[in-house]
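Report on the structure given below.
The values are calculated or read from the model by the stated rules, or taken from the named source; none is laboratory data. Quantities reported herein were computed from a predicted structural model and do not represent experimental measurements. Virtual Cβ from ideal backbone geometry, glycine too; neighbours counted across all protein chains shown. SASA here: full protein model, heavy atoms, side chains in, ligands and nucleic acids out. Shrake-Rupley method; radii C 1.70, N 1.55, O 1.52, S 1.80 Å.
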Amino acid sequence: MKQFRYYSFSFVALATACGVGCGGSGGSGGGGGPSQIAFVTDRDGNLEIYVMNPDGTGQTNLTNNAAGDEFPVWSPDGSKIAFWTDR
């Protein structure tokens, strides 16, 4: 008999608060994707979502919560980021 484990995952859509140039077209590749990089870091003691410019400048924390936030993915139009959280 097989046993199944069920996990509860929360996905959150986050409208980026980093102002003009966060997403949409205008990326260096011209492919219409986001012009910033979304990434995860634990520099404050737990996993948080940040964005930065392709050259590494302008690092901005988008989440600030004691829960872990991971796996950021840009929406197709580059205006939002969906991510997993254990809040």
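Condition check for Ala38 on (1) modelled with pLDDT under 95; (2) touching a strand residue (DSSP E or B) at 6+ places or on another chain (Cβ under 7 Å); (3) surrounded by 15 or more Cβ atoms within 10 Å (Cβ to Cβ): one failure, at (1). Of the numbered criteria (1) within 10 Å of the chain's Cα centre (by Cα); (2) at pLDDT below 95; (3) not aliphatic (A, V, I, L, M), the one Gly21 fails is (1).
For the range 42-79, the set of residues classified as of a type in the set (A, V, I, L, M), buried (at least 16 other Cβ atoms within 10 Å of the Cβ) and assigned to a loop (DSSP other than H, G, I, E, B) consists of Leu47, Leu62, listed by residue number. Listed by first and then second residue, the pairs with beta-carbon distance under 7 Å, at least 6 apart or on different chains, first residue in the range 27-45 and among the hydroxyl-bearing types (Ser, Thr, Tyr), second at pLDDT below 55 and open to solvent by 50 Å² or more (accessible area, probe 1.4 Å), are Ser35/Gly26.
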